[in-house]
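Notes follow once the structure below has been shown.
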Amino acid sequence: MHSLQRKVLRTICPDQKGLIARITNICYKHELNIVQNNEFVDHRTGRFFMRTELEGIFNDVTLLADLDSALPEGSVRELNPAGVAASSFWSPKKRIVWAIC
C-alpha cells in the first residue's frame, strides 16, 4: 500500500485564461489534494507563476505528462517533495544594463 506524500508543483508559462482551472483539474483527476496554492502574473513579461502544494499518492510521470499536454508552449513545470528547494530555473536571472552617455 502506498502512503500519502506531499509535493510542490511549480509552474511558469505564458499567461492565458483558464490556467488555474486546467492545472487544478489535472490535480483533481489524479486524486491529489491541494493543500496550498499561490499564483500571480507578471504583467510586464506576460508570464504566469503558480506554486501548488499537493498531498496524495503520486504518479509523477503521468501527472507531468498530463500537465505538459494542457499547458501552453514555452511552459516550465517542476514537481519536488515538499521542503526541497526549487531548481535553478526558479532563480531570478541577473540583468546587465549598459548606460551609454
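Any read-out appearing in this document is the output of simple, stated calculations on the displayed coordinates, not a laboratory observation. Here the structure is a predicted model, which means the values were calculated and not measured. Cβ placement follows ideal geometry from the backbone for every residue including glycine, while neighbour counts extend to all protein chains displayed.
How much net charge surrounds Leu4 when only other residues with a Cβ under 12 Å from its Cβ are counted (Lys, Arg +1; Asp, Glu -1)? Don't skip to the end; give the middle numbers.
Values: positive: Arg6, Lys7; negative: Glu31, Glu55.
That works out to 0.
So if R0 is 25 Å, what FRET efficiency would Ala70 and Asn37 give, r being the distance between their Cβ atoms, rounded to the nearest 0.05?
The calculated FRET efficiency here is 0.95.
What is the local net charge at Phe48, summed over the other residues whose Cβ is closer than 9 Å to its Cβ (Lys, Arg +1; Asp, Glu -1)?
Numbers: positive: Arg47; negative: Asp15, Glu39, Asp42.
Overall, the nearby charge balance is -2.
Place +1 on the Cβ of every Lys and Arg and -1 on the Cβ of every Asp and Glu in segment 5-84, take the dipole about the Cα centre, and give the residue among Ala82, Thr62, Ile20 whose Cα lies farthest towards its positive end.
So the residue furthest toward the plus end is Ile20.
If packing is taken as the average number of other Cβ atoms within 10 Å across a peptide's residues, how do 51-57, 67-73 rank, most packed first?
In descending order of packing, they fall as 51-57, 67-73.
Using all C-alpha to C-alpha distances in segment 5-84, build P(r) with 5 Å bins and read off the rounded percent in each one.
3, 15, 30, 27, 16, 7, 2, 0
Counting only other residues whose beta carbon sits under 12 Å from that of Ile26, what net charge do I get with K and R as +1, D and E as -1? Before the final figure, lay out the partial values.
On the way: positive: Arg22, Lys29, Arg77; negative: Glu31, Asp66, Asp68.
Residues near Ile26 contribute 0 overall.
Which value, in nm² and rounded to one decimal, describes the direction-averaged projected area of the C-alpha convex hull of segment 1-40?
On the way: hull surface 13.4 nm².
With every direction weighted equally, the projected area is 3.4 nm².
Show me, for segment 44-50, the HN-Hα J-couplings you get by feeding each phi into the Karplus relation (A = 6.51, B = -1.76, C = 1.60, θ = phi - 60°), rounded to Hz, glycine and proline as x.
The phi angles translate into 5, 9, x, 9, 9, 10, 9 Hz.
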